[in-house]
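None of the figures in this text is laboratory data; all of them are computed from the coordinates on show. All of these numbers come straight from a predicted model, not from anything done at the bench. For neighbour counting, all protein chains shown are included, and Cβ atoms are generated from backbone atoms with ideal geometry for every residue, glycine included.
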Amino acid sequence: MNTLQKKTILLAVTGSIAAVETIKLAHALKRRGAIVQAVMSEAAMRIVHPDALTYACGRETITRITGLVEHVQYCGDEREADLLLIAPCTANTISKIACGIDDTPVTTCATTALGSRMPIIIVPAMHHAMFRHTGVIGNLERLKSWGIPIIGPRIEEGKAKIADIDEIVLACERELNGKPLSGMHVLVTSGRCDEPVDDVRVLTTRSSGRMGQELAKAAFRLGAEVTIVHRDHLPGFTNVRTSSAESMLHAVSRIFESKHIDLYISAAAVSDYAPVRYDGKIPSGQRPVIKLEPLPKILDLAIGKATLTVAFKLGVQSTEEASALLKRGVTLVAANKPDTMGAEEGVYQFIDKDGILQVSGSKEDIAHQMLDRIIQRNNAGHSSNPGGIQSS
């Protein structure tokens, strides 16, 4: 998706060794549709040659402020850029920005952007000891209090490394997409559950968790606070790690007890049954009889607690099955077929009180179409009480 189409991002690069990642970052932003203009400090130019960023961006890199007043052109009141992204941002630059010092092209752009109330994102990268410095911590807190998102860093190998490129791009999308879900807390359950048969075997499904993760990302892009409950880890999100249906149920229950959820999306392939576990390992060559016991439904827990609820149903045979869920309080039913599990693309039917909408494409596209339908429904002032289903 071209989520950054027609958006201009001023990519400001400072003197961290992580500057070598900015070539990939510029390409990633451009793949999402953005126009990327680079500006570099002198220290950054000793790590990455300006020509490399000129090539990556397709635009001449700004290396000094000239009589063309580039800081005003891109960051002033009538600016050309939509976002100032400082990545990587050193401890030195963080502290200069927090104190209003502008003695490099990057800090001059930052001062101008702050004055014009331009959106800014800062992505720190430095040695961990520098990141722990009381002054740096205080200056980061000061920048946060000004409404500047701080992305990362990843603490690894004694270093505060630059955040993953996908996480940085996602943060840019969030800042530039209007935040229609701002103030909402979205809870997503995602992926497969593993139900132990014995000490080494499990019953599970082919679910990859891709749909749930794309829904979490889409909600984040649109400004929501997002918690995702799954077996994986999604950088930049509140992750609650679970493995079985029982652990997922307990996690969701704790979340509902601790905070209000505006939108619950049940995208996980939650097990309907769990085997009675064999003690030890079933010996090879045996023909065991596996007894299955029904499991409680996580969706039952969520209905009535979340303001809006989305249910996924695999292989819905009729609209009556979806109608039953709508009558119980589900806002929207996403019906799909088994061949969508683990695939990058799929075909879904969105069923709600307004009718049936068939959508297809990548799971990222489908995630955004689902949230768009929910947003439009809310904006139209619909109540959550379901009515009859009519094809649209």
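Results, tabulated for the structure shown:
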| item | result |
| --- | --- |
| Gain on full stretching of the segment that runs from Gln358 to Asp166 - 0.36 nm per residue minus C-alpha separation | 66.2 nm |
| Table column - 3J(HN,Hα) (Hz), the stretch 276-291, Karplus curve with 6.51, -1.76, 1.60, x for Gly and Pro | 5, 5, 7, 7, x, 10, 5, x, 4, x, 7, 10, x, 9, 9, 8 |
| Histogram of C-alpha separations across the stretch 185-379, 5 Å bin width, % | 1, 8, 16, 19, 20, 16, 9, 5, 3, 2, 0, 0, 0 |
| Cα point-scatterer Debye curve for the stretch 8-176, base-10 log of I(q)/I(0) at q = 0.09, 0.11 Å⁻¹ | -0.25, -0.38 |
| Gaussian network model of the chain, Cα within-10 Å springs - most flexible of Thr107, Thr134, Thr319 | Thr134 |
| In nm, spacing of pseudo-spin labels at Lys297 and Thr66 (7 Å Cα→C-beta vector) | 6.7 |
| Estimated distance in nm for a label pair at Ser253 and Asp51, the labels positioned 7 Å out from Cα along Cα-to-Cβ | 6.5 |
| Vicinal HN-Hα couplings computed from phi for the stretch 60-71 (Karplus, 6.51 cos²θ - 1.76 cosθ + 1.60; Hz; Gly/Pro x) | 4, 6, 7, 10, 7, 7, 10, x, 7, 6, 4, 5 |
| Cα-based reach from Lys297 at 13 Å (exclusive), listing aspartates and glutamates while leaving out same-chain residues under 8 positions away | Glu246, Asp272 |
| Difference of contour (0.36 nm per residue) and Cα-Cα distance, Lys24 to Arg277 | 86.3 nm |
| Under-5 Å amide H pairs with Val226, H placed in peptide plane, nonlocal only | Val186, Thr238 |
| Set Lys96/Lys159; Lys6/Lys30; Lys305/Lys327; Lys6/Lys161; Lys96/Lys144 screened for pairs whose C-alpha atoms are more than 18 Å apart | Lys96/Lys159; Lys6/Lys161 |
| Whole-Hz ³J(HN,Hα) from phi, Karplus 6.51 cos²θ - 1.76 cosθ + 1.60, for the stretch 160-167, glycine and proline x | 8, 6, 4, 4, 4, 4, 4, 5 |
| Amide H contacts under 5 Å for Tyr273, placed H, 5+ residues apart | Leu295 |
| Amide H partners (placed H, <5 Å) of Lys7, local residues excluded | Ile35 |
| Separation of alpha-carbon centers, the stretch 212-270 and the stretch 162-185, rounded to whole Å | 17 |
| Rg in Å to one decimal, and Dmax rounded to a whole Å, for the chain via C-alpha atoms | 24.3, 83 |
| Burial order of peptide ranges 338-345, 57-64, 37-44, 18-25 (average beta-carbon count within 10 Å, highest first) | 37-44, 18-25, 57-64, 338-345 |
| Kirkwood Rh and Cα Rg combined as Rg/Rh, the stretch 87-126 | 0.93 |
| Full-extension gain in nm, Arg328 to Asp198, via 0.36 nm per residue minus C-alpha separation | 43.2 nm |
